[in-house]
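First up is the structure itself, then whatever we jot down about it.
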Amino acid sequence: MLGRGAAGGCGLLLRAASRALSLSHSRGTVVVERWWQVPLSKEGRQPRLHPRRHRIYRLLEDTKHLPKTNLELILTQSVENLGNRGDVVSVKKSVGRNKLLPQGLAVYASLENRKMFEEEKKLRQEGKLEALQTQSGEKTIKFLKSCRLEVGMKNNVKWELNNEIVARHFFKNLRVFVPPHALKLPEEPITRWGEYWCDVTVNGLETVRVPMSVVKFLRPKTKRYKHWLAQQQAQLAARREALL
């Protein structure tokens, strides 16, 4: 059993807690004003309120039922399908508060944070800080790690594989444009069919080793090729008849 003093203390604590909760910020704010203006009162006296008229209010704003707005954040790390470090992004509040902010992937887009990341971006452009990989560069690296390049070479001529040939096959077979200067082949010349590798440097920052198979070149069996082959055979037959 609690004494009167203890009970009174508990009551004070409960009232203080309820007061603190009532003063907490609510996301569903309703802004209203009186329909009938209250007349001015004399100095030192309370305004005289009408029992019914001054209890009628006009709704000005209901933030609880407003369209949900996005949250502007600045990324501190590269996030897939969103942006790189220093990019200002607009995301849903649930994504920002439940994923990006708790995991340290982003910060609020305040004036101080904007200024800090703008200075950092300026230093990177001047070369005083290490450059960051772009979003497309990261996607390219991820794609190349799961690829295998096949290079077809003819067997009726003497050949040696070089960067230009490999770059053409990257675009032809994998639909990836790779500049020849971004490729590195083994030091020993490649003049035979077999299994090899090539290093691809993406944006001069990261290097990916791609397995490469050098195989016998086979002509595609297209209608155009078949038509050309028929013409060649007809010309050969005509020459043979002319010689005979």
**Study point:** Residues located in segment 187-203, provided they are loosely packed, with under 13 Cβ neighbours inside 10 Å, part of a loop (DSSP other than H, G, I, E, B) and in contact (Cβ under 8 Å) with a residue 12 or more places away in the chain
**Key:** Pro189, Thr191, Arg192
Study note, to complete from the structure: Among (1) over 38 Å from the mean Cα position of the chain (by Cα); (2) surrounded by 15 or more Cβ atoms within 10 Å (Cβ to Cβ); (3) among the polar types (S, T, N, Q), Asn163 falls short only on (1)
Revision key, fill the gap. If we keep only residues of segment 169-186 that are among the basic types (Lys, Arg) and at pLDDT below 90, then the residue surrounded by the fewest Cβ atoms within 10 Å (Cβ to Cβ) is Arg175
Review point. Taking segment 119-138 on its own, how many of its residues are free of Cβ contacts under 8 Å to residues at least 12 places away in the same chain and charged (D, E, K, R)?
Key: 6
Exercise for review: May I ask you to list the residues in segment 28-68 that are of a type in the set (S, T, N, Q) and under 30 Å from Lys93 (Cβ atoms)?
Suggested key: Thr29, Thr63
Exercise for review: Would you mind stating whether Val107 is hydrophobic (A, V, I, L, M, F, W, C), in contact with a Leu (Cβ under 6 Å, 6 or more places away or on another chain) and surrounded by 14 or more Cβ atoms within 10 Å (Cβ to Cβ)?
Suggested key: no
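This table checks each residue for (1) modelled with pLDDT of 90 or more; (2) open to solvent by 100 Å² or more (accessible area, probe 1.4 Å); (3) out of contact with any Lys or Arg (no Cβ under 7 Å at 6 or more places or on another chain).
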| position | (1), (2), (3) |
| --- | --- |
| Gln77 | no, no, no |
| Ser136 | no, no, yes |
| Lys139 | no, yes, yes |
| Lys142 | no, yes, yes |
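If a residue must be over 17 Å from the mean Cα position of the chain (by Cα) and open to solvent by less than 70 Å² (accessible area, probe 1.4 Å), how many such residues does segment 51-75 contain? Break it down stepwise before answering.
Keep residues of segment 51-75 that are over 17 Å from the mean Cα position of the chain (by Cα), which gives 51-69.
Those still in the list that are open to solvent by less than 70 Å² (accessible area, probe 1.4 Å) too: 54, 62-63.
Looking only at that region, the number is 3.
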Check your understanding: Based on what the data block shows, is Phe143 under 22 Å from Glu206 (Cα atoms) and among the aromatic types (Phe, Trp, Tyr)?
Key -> yes
Practice item. Determine whether segment 150-157 contains at least one residue that is in a loop (DSSP other than H, G, I, E, B) and of a type in the set (A, V, I, L, M, F, W, C). Key: yes
Check your understanding: What's the number of the condition Arg48 fails, among (1) in contact with a Ser or Thr (Cβ under 8 Å, 6 or more places away or on another chain); (2) closer than 30 Å to Ala106 by Cβ; (3) open to solvent by 70 Å² or more (accessible area, probe 1.4 Å); (4) not acidic (Asp, Glu)?
Key -> (2)
Point to revise | Given (1) touching an Asp or Glu at 6+ places or on another chain (Cβ under 9 Å); (2) of a type in the set (D, E, K, R); (3) in a helix (DSSP H, G or I), number of the condition Arg239 does not satisfy | key: (1)
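The values are calculated or read from the model by the stated rules, or taken from the named source; none is laboratory data. Since this is a predicted model, take the numbers as computed values, not measurements. Using ideal geometry, Cβ is built from the backbone for each residue, glycine included, and neighbour counts are taken over all protein chains shown. Note: areas computed on protein heavy atoms with side chains; ligands, DNA, RNA excluded. Shrake-Rupley method; radii C 1.70, N 1.55, O 1.52, S 1.80 Å.
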